[in-house]
Amino acid sequence: MPSALRIATWNINSARTREDRVREFLARSDVDVLCLQETKCTDAQFPDFSDTGYRQVHHGDGSFNGVALLSRVGVSDVRTDFGQPGFDKDPAAPQEPEARALGAVCGGVEVWSLYVPNGREISDRHYTYKLDFLGALASYAEKTEGPLVLAGDFNIIPTDDDVWDPSLFVGKTHVTPRERAALRRLEDAGLTESTAPLTGTYSYWDYQSLRFQRGQGIRIDLQFCRGITPSAGEAPVTDTDERRGRGASDHAPVTVTYTVPSLPSLPAESAVSGS
C-alpha cells in the first residue's frame, strides 16, 4: 500500500514573529514536513517546536535569510551545501555561501528547504548569483539518486498566468527567459514541478497597496519532486487563509501530498537544531 507524505513550504518572513502561526499551522494542517524560509534568526534564536512532535533543524545567520525543516517522520543526513555559490555585495570581498539551503532525509525522502536569491535587478550581480545558484541546484539534482523534493521560495514566476499583471514585470526579474530556463533545467534533471496544478493562483502578495485584498499576487513558492509522485486524489493546496489577518507573512504555505511505496522506520535524529 502506498503511503502519503505531506510536505509544505512557507516563507515565514521571521520565525520569531510568527511562531504562533507556525504552531497553529502544524496543529491543523497534518503535514509531515514543513519547509520554512526567511526565518531571519540564528540557530540559537530559532523557536523550539519540539513540543509539537516535530523534529527540527535550522540554518541561519540572523540576517534576512535562514531556512528550517520541521519533520515528524524523522530527520537524518542534514546538510547545508549542494555546491551553491556564495555572495557579498562587495565583489572584492569573499563570496561566502548564505543561509539559503537546508536538506535532510525525512521519511526516506531527501527534502530541501530553499530560499532562492531574489536577483534584485537584471543589471545587478545578484541576478547572476541567482542564476548560478539555480544552476548549481540542477547540477546537484543530476548527480543524486533516490527520492528528492526541492521546496521553497524560488523567486521565479513560472508562467505569465502566475502573476496578476504580467505587463508590470516587463524588464524585471522573476519572469526573464533565463530564470524560467533555470526552472526547466530542474525538469531536465528529472524533476517534476508538483505544484504546477496551482498555475493561475498565487502564493505571495506584497504588503504594499493592499495587494492581497485586491487579489494582486504572484506564484513563486514551488515544489519539485523525483522518485515520489504527487497524489492523484489530493491536489496541491495554497493555504490563503494564512495570508489573512494581523501579523501574517506575505507568503502563504503551499502543501503537496505525495505517494511513496512505503515509509521506512524513523531514522535516528542527526540534529535537533543548528546545521
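Only the coordinates and a few stated rules stand behind these numbers; no lab work does. Everything numeric in this text was worked out from a predicted model, so none of it was measured. With ideal geometry, Cβ positions are generated from the backbone for all residues, glycine too; neighbour counts draw on all protein chains shown.
Numerical summary
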read-out	value
Length released on extending from S63 to T192, taking residue separation times 0.36 nm less the Cα-Cα span	43.3 nm
Between region 50-79 and region 110-157, the Cα center-to-center distance that results, in Å	19 Å
FRET E, pair S14, K143, Förster distance 22 Å, beta-carbon r, rounded to 0.05	0.05
Distant-in-sequence amide H partners of S194 (H built 1.01 Å from N, under 5 Å)	Q223, F224, C225
Dipole moment magnitude, nearest 20 debye, the chain about Cα centre, only Lys, Arg, Asp, Glu C-beta charged	360 debye
Gain on full stretching of the segment that runs from R214 to E24 - 0.36 nm per residue minus C-alpha separation	65.8 nm
Nearest-0.05 FRET efficiency for D48 and T229, computed from C-beta distance (R0 35 Å)	0.55
Amide proton proximity set for N11, modelled H, under 5 Å, gap of 5+	Q37
Among K130, K40, K143: highest mean-square fluctuation, GNM of the chain, C-alpha pairs under 10 Å	K143
Table column - 3J(HN,Hα) (Hz), region 53-60, Karplus curve with 6.51, -1.76, 1.60, x for Gly and Pro	x, 9, 7, 9, 9, 9, 9, x
Sum of -39500 (n - 2.57) over DSSP H runs of 4+, divided by residues of the chain (222 nm, nearest 500)	-5000 deg cm²/dmol
Among R18, R72, R28, residue whose mean-square fluctuation peaks in a GNM of the chain (springs only between Cα atoms under 10 Å)	R28
Amide H partners (placed H, <5 Å) of G152, local residues excluded	L114, L222
Scattering profile of region 193-256 at q = 0.12, 0.16, 0.18, 0.25 Å⁻¹ [log10 I(q)/I(0), Debye over alpha-carbon scatterers]	-0.32, -0.54, -0.65, -1.04
Area projected by the alpha carbon convex hull of region 3-260, averaged over all directions, nm²	13.2 nm²
Cα-based Rg of region 1-72 normalised by 2.2 N^0.38 Å, two decimals	1.08
Per-residue ³J(HN,Hα) for region 187-204, Karplus 6.51 cos²θ - 1.76 cosθ + 1.60, θ = phi - 60°, Hz, x for Gly and Pro	5, 5, 7, x, 9, 10, 6, 6, 9, 4, x, 8, 3, x, 10, 10, 10, 9
